[in-house]
Amino acid sequence: MPVVKCPQQMKTSSMVIRNALVVSSSDTQSADILIRNGRIEAVGSAVGSADEEIDARGLHALPGALDPQVHFRDPGMQWKEDLESGSRAAAAGGVTAFFDMPNTVPNTTTRELMAEKKQIASRKCLVNYGFFIGATSDNLTELNAVENVPGIKIFMAASTGSLLISDRRDVEHIFANGKRLIAVHSEDQAIIEANKAQYAGSTNVEDHMRIRSADAALASTRFLVEMARKYERRLHILHLTTRDEVEYLRAEKIAGLISTELCPQHFLLKAPDDYERLGTYAQMNPPIRTAEHGAALWQGLKDGVIDCMATDHAPHSREEKDKPFGEAPAGMPGVETLMPLMLHQANQGRCRVNDVVKWLCEKPVQLYGVQAKGRIAPGFDADIVLVDLKQTKTIRDGQLHSKCNWSPYNGWEIQGWPVITLVNGNVVFRDGEFFDEVKGREVVFRNQSEGGSG
Ligand code: DOR
């Protein structure tokens, strides 16, 4: 573990990070980073001095990750998570910004509810934040009038909560009227319902992936791509899970118009092994599938068919997950383990650390049109993670910071961990300790005047 000299007072107006290996998607260079008033002022070999200093020799400096899909359950389901616990888990995992989903209680479907959520976040969040607005079949005015959001979220299949638009005519109406990005949970509700009837009464959790079949995912994705093309509307397909969709998107995806993402669990966990190991704790929507889907998704990410990564961090309490198949809710935590799991892939030679920066930091920022984030360069916000690529730790239930207190990766030995996380120039996490005197801020999206992002 390298020596890290770090300020005791965590709120600083200027700071130098010395001797870091600064990583972007295209290169890695040894450099000092000068930060002033929350922004990066200079990166290089003679950046001058500052009030505080971190000696980062032996550490890599990565831009903070942006997790564009989390469920932090606030307001309304704080026994599972809240914006404080979720954002602390994020900070510990090197995630310096997140976009939270609207299936809270109440659902975030109006400007007023959005304003309330942003209020709560300003008091509780340790890292930076943005919030999706949730689509219903009759809130078009709200969807288009709400300000500074990553986009509109549509659930085309039922998952946790009541948000659902299963009638394709209602989905088309939203595509046809407005400009901002639409992010979709892409599974076909009618196909799922038909499969459900076939597996009625099943006690085998592995049937989850048969009920929420690959066909259901592909049918919905095909429809959405048609909608995006027809209305030239920016579409982001959330958490892709099938080889079929990778192949379809390889042929049909239009760069700049259509994008998609991958969650680590959809290529690191697999059926049948992880259903046997985890039971209902492996249940999520869309589901964990077989290794052949996982391999195609990984290939799709490496090829660029899949643009970025996300976690779909969706915590539920143990009590809820211990219910039998059919009653247990779907979803698993992941925001804190995203970056370590991916650094571990790099350490194992499956990708480069530069790729990790591309998928977790640069691409989500570009896709959603976020201002001044995702790079360690002059003028960008000082959201920086110092990682120790040599550090090895075992993920343990109860040692992570999500309220749910469990992880599908319990017992996995992982090499490559964040040791210091800076948000807007302030150290918020260091070696297991949090500094929450200064809170995160709402991220700013470009192109909002046109009602769009990205
Ligand atoms: O498994 C899931 N859980 N998928 C979702 O889309 C929602 C999430 C949740 O909120 O629990």
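Does anyone have the angle between helix 111-124 and the longest principal axis of the chain? Alpha-carbon axes, 0 to 90°, nearest 10? Roughly 40 degrees, rounded to the nearest 10.
Backbone phi angles across the range 73-80, fed through the Karplus curve with coefficients 6.51, -1.76 and 1.60 (θ = phi - 60°), yield HN-Hα couplings of 6, 10, x, x, 9, 5, 6, 8 Hz in residue order; Gly and Pro are listed as x.
Relative to the Cα centre, the charge distribution of the range 213-260, modelled as +1 at Lys and Arg Cβ and -1 at Asp and Glu Cβ, gives a dipole magnitude of about 200 debye.
Restricting the range 140-172 to GluC sites (Glu not before Pro) that sit in a DSSP loop and have at most 14 other Cβ atoms within 10 Å of their own Cβ leaves GLU147. Ordering THR160, THR311, THR203 from the fewest to the most neighbouring beta carbons within 10 Å gives THR203, THR160, THR311.
Farthest towards the positive end of the charge dipole of the range 158-255, among the residues ILE191, ALA214, THR241, is the Cα of THR241, using unit charges on the Cβ of Lys, Arg, Asp and Glu. Put a plus charge on the Cβ of each Lys and Arg, a minus charge on the Cβ of each Asp and Glu, and nothing anywhere else: the dipole of the range 26-178 about its Cα centre is then about 280 debye. What you get for the chain, charging only the Cβ of Lys and Arg (+1) and of Asp and Glu (-1), is a dipole of about 600 debye around the Cα centre.
Extension gain, ASP355-ASP55: 0.36 nm per intervening residue step, less the Cα-Cα distance, totals 105.5 nm. Label separation (ASN204 vs VAL105): 3.4 nm, computed from points 7 Å beyond Cα along the C-beta direction. Applying 1/(1 + (r/R0)^6) with r as the Cβ-Cβ distance of ALA46 and GLN371 and R0 = 35 angstrom yields a FRET efficiency of 0.80. Packing, taken as the mean count of other beta carbons within 10 Å per residue, orders the peptides 432-445, 125-138, 338-351 from highest to lowest as 125-138, 338-351, 432-445. Here's the picture: charge each Lys and Arg Cβ at +1 and each Asp and Glu Cβ at -1 in the range 102-155, and of PRO102, ALA121, SER137 the one pushed furthest to the positive end of that dipole is ALA121.
Counted residue by residue at 0.36 nm each, then reduced by the alpha carbon distance between them, the extension gain from LYS390 to VAL444 reaches 16.0 nm. For the listed peptides 150-158, 87-95, 32-40, a ranking on the average number of other beta carbons within 10 Å per residue, highest first, reads 87-95, 150-158, 32-40. Which angle between 0 and 90 degrees, to the nearest 10, do you get for helix 189-198 versus the longest principal axis of the chain when only C-alpha atoms count? Around 60 degrees separate the two axes.
Helical content alone sets the calculated 222 nm signal of the chain at -8000 deg cm²/dmol, taking -39,500 (n - 2.57) per DSSP H segment of four or more residues and averaging over every residue.
Once the Cα-Cα distance is subtracted from the 0.36 nm per residue extended length, the GLU112 to LYS302 segment shows a gain of 64.3 nm. The count of lysine pairs in the range 305-419 with alpha-carbon distances below 27 Å, taking only pairs 8 or more places apart or on different chains, stands at 10. In this structure, ALA190 and GLU226 have a Cβ-Cβ separation that, at R0 = 22 Å, corresponds to a calculated FRET efficiency of about 0.85. The angle between the Cα long axis of helix 243-252 and the longest principal axis of the Cα atoms of the chain comes to about 80 degrees, rounded to the nearest 10.
Proximity of backbone amide H atoms, modeled 1.01 Å from N, is registered between MET332 and ALA314 at under 5 Å, excluding neighbours fewer than 5 places apart on the same chain.
Since every read-out is calculated from the coordinates, none of them should be taken as a lab result. Just so we're clear, the structure is a prediction, and the values are computed from it rather than from any experiment. Glycine also receives a Cβ, built like all others from the backbone with ideal geometry; neighbour counts cover every protein chain displayed.
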